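First up is the structure itself, then whatever we jot down about it.
The values are calculated or read from the model by the stated rules, or taken from the named source; none is laboratory data. All values reported here derive from a predicted model rather than from experimental measurement. Note that we place each Cβ from the backbone using ideal geometry, even for glycine, and neighbour counts take in every protein chain shown. Quick note on the areas: whole protein, heavy atoms, side chains included, nothing else; ligands and nucleic acids left out. Shrake-Rupley method; radii C 1.70, N 1.55, O 1.52, S 1.80 Å.
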Amino acid sequence: MLDINFVFFHVGDVQQPRLLVKSIQKLNPDSNIYFITDNETESIDGVTNTLRIECDRENLMTSRLNGFSQLKLNKPAVYIDTDILIIKPITLDLFLEHDVYLCLRSYQKDNMITTNYRGLDLSEYSKKSIGEVYPFLACFTYTKNYNFWEDCLEILNTLDKKFHFWYGDQEALRIINDSKKYDMGYIDESIICAVPEISFKRNPPYSIHFKGKKHKKRMIATAEILLGEKSNNET
């Protein structure tokens, strides 16, 4: 089994990233885990290395891509959201054919985009589906090195300031994919990072993505089952 590195960016409450780390330790025990955060966020036990950077919490998309770039990890890694639990080992043999793998949206991709999401004016995408505008999710990305993130950050810095707060990473992923600069591969969201509403009995995904505050308790309950112990992170 070929082990892989994991990288995540997070600021604020560390309840969910602690559970992510425990799931990585259980399913990928030999993997290195890199935690990027600001100077105020608590440390997390079990990570291999913590990189603390100057973060603007009002522009988290920029801070996140900046963190991935500053880490300068010159080896293969999965860059992952923190509201995720690994439930099957994730190894390098999933990513042998291409230099970069993006998470291809599987769910609700035909829904029309909300043009005032989180107070953002997205009227330029009126009458377009979420799959047309944002076909790739930033929750799970594989890259061979950090150069990809430097390019994504450069793209984001050219975009409207509203995208520095939200959707900027997905904007950058779509643009860099269209540029054909990288040898890209794609893995369906339903396979690599599925939502918890889907039944996994026959073909479980590699991880589950507990999007939004409504799924936080469900993530804790699932972690208790997965890790075989009661979580100490309950609120």
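Data for the structure
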read-out	value
Any hit, segment 60-71, residues being at pLDDT 95 or above, under 18 Å from TRP149 (Cβ atoms) and in contact with a Pro (Cβ under 7 Å, 6 or more places away or on another chain)	no
So VAL7, is it among the β-branched types (Val, Ile, Thr), assigned to a loop (DSSP other than H, G, I, E, B) and either out of contact with any Pro (no Cβ under 7 Å at 6 or more places or on another chain) or open to solvent by less than 20 Å² (accessible area, probe 1.4 Å) (or both)	no
Residues within segment 22-57 that are more than 24 Å from LEU137 (Cβ to Cβ), open to solvent by less than 70 Å² (accessible area, probe 1.4 Å) and part of a loop (DSSP other than H, G, I, E, B), tallied	1
Contacts under 6 angstrom Cβ, first residue in segment 39-54 being on the phi > 0 side of the Ramachandran plot, partner surrounded by 10 or more Cβ atoms within 10 Å (Cβ to Cβ), 6 or more apart	GLY46/VAL21; GLY46/GLN25
Qualifying residue in segment 165-180 (condition: among the β-branched types (Val, Ile, Thr), modelled with pLDDT of 95 or more and farther than 16 Å from ASP83 by Cβ)	yes
Candidates LEU104, LEU71, LEU60, LEU65 - the one that is under 28 Å from GLY12 (Cβ atoms), touching a strand residue (DSSP E or B) at 6+ places or on another chain (Cβ under 6 Å), of a type outside the set (D, E, K, R) and surrounded by 18 or more Cβ atoms within 10 Å (Cβ to Cβ)	LEU71
The one condition in (1) within 17 Å of the chain's Cα centre (by Cα); (2) buried (at least 20 other Cβ atoms within 10 Å of the Cβ); (3) within 29 Å of TYR182 (Cα to Cα) that GLN16 fails to fulfil	(3)
In segment 107-132, residue least open to solvent (accessible area, probe 1.4 Å) [restricted to those that are without any contact (Cβ under 8 Å) to a residue 40 or more places away in the chain and at positive phi]	GLY119
Filter result (closer than 16 Å to CYS139 by Cβ, assigned to a loop (DSSP other than H, G, I, E, B) and either open to solvent by 20 Å² or more (accessible area, probe 1.4 Å) or at pLDDT below 85 (or both)) within segment 198-227	ILE198, TYR206, LYS211, GLY212
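Rundown of residues vs (1) more than 23 Å from SER207 (Cα to Cα); (2) aliphatic (A, V, I, L, M), yes/no style:
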| site | (1), (2) |
| --- | --- |
| SER106 | no, no |
| ALA138 | no, yes |
| LYS144 | no, no |
| ASN147 | yes, no |
| ASP151 | yes, no |
| LYS162 | yes, no |
